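Each remark here refers to the structure printed beneath this line.
Just so you know, all these numbers are worked out from the coordinates, no wet-lab data involved. Given the structure is predicted, the values throughout are model-derived calculations rather than measurements. Counting neighbours? That spans all protein chains shown, and the Cβs are built from the backbone with ideal geometry, glycine included.
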Amino acid sequence: MGLSEEDIDSLNDKFIDTTFAWGTATAIQERISAHFDAGADHVCIQPVNASGQMSDLDWDCLEALAS
């Protein structure tokens, strides 16, 4: 993934952008598709809210990502 120990330890922007898919449903779907294009046979989606906490499932969002 091209991350250094410093990137990981500091939780810098590069680490966050590499590790998390975020933004619009379209942007997130593109990141999911990139994983499948790279050979993944499954991708786990864990909703996290803007404060970084696990959130209740947003079924509309998950439905949009499943299509």
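Annotations for the structure displayed:
- Placing +1 on the Cβ of every Lys and Arg and -1 on the Cβ of every Asp and Glu, with no other charges, gives the chain a dipole of roughly 100 debye about its Cα centre.
- Under Karplus coefficients 6.51, -1.76 and 1.60, residue-wise ³J(HN,Hα) of the range 13-29 in Hz, glycine/proline x: 4, 4, 4, 4, 5, 7, 8, 10, 8, 8, x, 6, 4, 5, 4, 5, 4
- Around the amide H of Val43, modelled in the peptide plane, lies no amide H under 5 Å away from a residue 5 or more places distant or on another chain.
- Label of the coordinate-derived value, P(r) over Cα pairs in 10 Å bins from 0, in percent, listed as (1) 22, 64, 13, 1; (2) 19, 46, 23, 8, 4, 0; (3) 18, 47, 32, 4: (3)
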